[in-house]
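Input: a single structure, listed below in structure tokens.
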Amino acid sequence: MLELDGLTKTYRIGTFGNRELPAVRSVSFAIDRGEVVSLIGESGSGKSTIGRMILRLLAPTSGAIRLDGTDVASLRRRDLRHYYGRVQGVFQDPFSCFNPIFKVDRIFWMIRDEYRAGTPRAAWADTVEASLRSVCLDPGQVLGKYPHQLSGGQLQRLLVARALLLDIDYLVADEITSMLDASTRIDVLNLLADLRDRGLGILFITHDLSLGNYISSRTIILRRGAIVEMGDTASVYGDPRHAYTRMLLESVPRLHEKWHDAGARTGVAALEMGPRPAAAPSLVEVDDRHLVAVGE
């Protein structure tokens, strides 16, 4: 199990760093293998910061991240490499993950050199082709190409295929569909669902509620760095208990409405939310499926 316990991230800001900006406030949840957990919130709510801390791209200010009970912050060298062999991330902009002067094949050979150095080249090439086919890519159409010669959807799938080469247990998927067109987006979501069925645990970070509802078994609503509601997806979407969750759901565009009707509806919902809290809210259990924040 991948577990976050009281995870907090605070940035020092100001000319002399004498002020603090809380980005993530005491976040706790767990992800098990074979499930998709959606982390949903508006831009600036701390979603990507949580993902980067899980991947050890950022160090938490306090709290802990544990993989099967082991504190990730304590991992060094060989143990850290083993951690990355089990936990990988795919990010929002696939173009930024590739060096434009190298062909895309390079990311697969880097994996071999670092993690599978003893594998013969021919056997590794077969493994790469099998991984590409598992994410619905034709090796003949993508291998030997430069990043600019491929679409965003193809590059995104290449990154997932790279992660699968490590036989990972957990994937942090950070806004991976936001740059894709509608048809490619549903293909990537279906791919994630297939990976879930194979036993992969996925943290699906998004600001799009419809995508979270489509794929996740559990949903976490994040506001200003703190969890305000958490539970199984059907309960959170079908019976939201927090005003912020209700406002988000009311903001989802509907086919039978025009923009001025939706604007009036969401404007009323936003007014009902009230002022910003002075301190981080605490979670309380309201039934056997919901956790909601109090103090907001």
For region 96-109, enumerate the residues that are hydrophobic (A, V, I, L, M, F, W, C) and under 24 Å from the mean Cα position of the chain (by Cα).
C97, F98, V104, I107, F108
Selected residue [crowded, with 18+ Cβ neighbours inside 10 Å and either on the phi > 0 side of the Ramachandran plot or over 25 Å from the mean Cα position of the chain (by Cα) (or both)] from R112, R196, R162:
R112
Residue in region 166-177 that is in a loop (DSSP other than H, G, I, E, B), within 15 Å of Q92 (Cβ to Cβ) and not β-branched (V, I, T) present:
yes
The one condition in (1) within 21 Å of the chain's Cα centre (by Cα); (2) at pLDDT 90 or above that V128 fails to fulfil
(1)
Inspect all residues belonging to region 59-73 and state whether any of them is surrounded by 19 or more Cβ atoms within 10 Å (Cβ to Cβ), among the basic types (K, R) and modelled with pLDDT of 90 or more.
no
List the strands (runs of 3 or more DSSP E) that sit entirely inside region 25-109 and contain at least 1 residues that are more than 26 Å from L248 (Cα to Cα), in contact (Cβ under 8 Å) with a residue 24 or more places away in the chain and charged (D, E, K, R).
62-67
Hits in region 211-254 - residues which are under 25 Å from A161 (Cα atoms) and hydroxyl-bearing (S, T, Y):
Y214, S216, S217
Residues that are assigned to a helix (DSSP H, G or I) and among the β-branched types (V, I, T): does region 141-148 have at least one?
yes
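Results for (1) farther than 30 Å from Y214 by Cα; (2) modelled with pLDDT of 90 or more; (3) surrounded by 14 or more Cβ atoms within 10 Å (Cβ to Cβ), shown as yes or no for each residue.
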| position | (1), (2), (3) |
| --- | --- |
| G144 | yes, yes, no |
| G153 | no, no, yes |
| Q156 | no, no, yes |
| D181 | no, no, no |
Filter region 234-257 for residues that are farther than 30 Å from T61 by Cβ and among the polar types (S, T, N, Q); which is surrounded by the fewest Cβ atoms within 10 Å (Cβ to Cβ)?
S251
What pairs come up if the first residue lies in region 112-127 and is assigned to a loop (DSSP other than H, G, I, E, B) and basic (K, R), the second is surrounded by 10 or more Cβ atoms within 10 Å (Cβ to Cβ) and at pLDDT 90 or above, and their beta carbons are under 9 Å apart, counting only those six or more places apart or on different chains?
R116/W124; R116/T127
For region 203-296, give me every one of the strands (runs of 3 or more DSSP E) that falls completely inside it and has 2 or more residues that are at pLDDT 60 or above.
218-223, 226-232, 290-294
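The values are calculated or read from the model by the stated rules, or taken from the named source; none is laboratory data. Given the structure is predicted, the values throughout are model-derived calculations rather than measurements. A quick note on method: Cβ atoms are made from the backbone with ideal geometry, for glycine too, and the neighbour counts reach across all protein chains shown.
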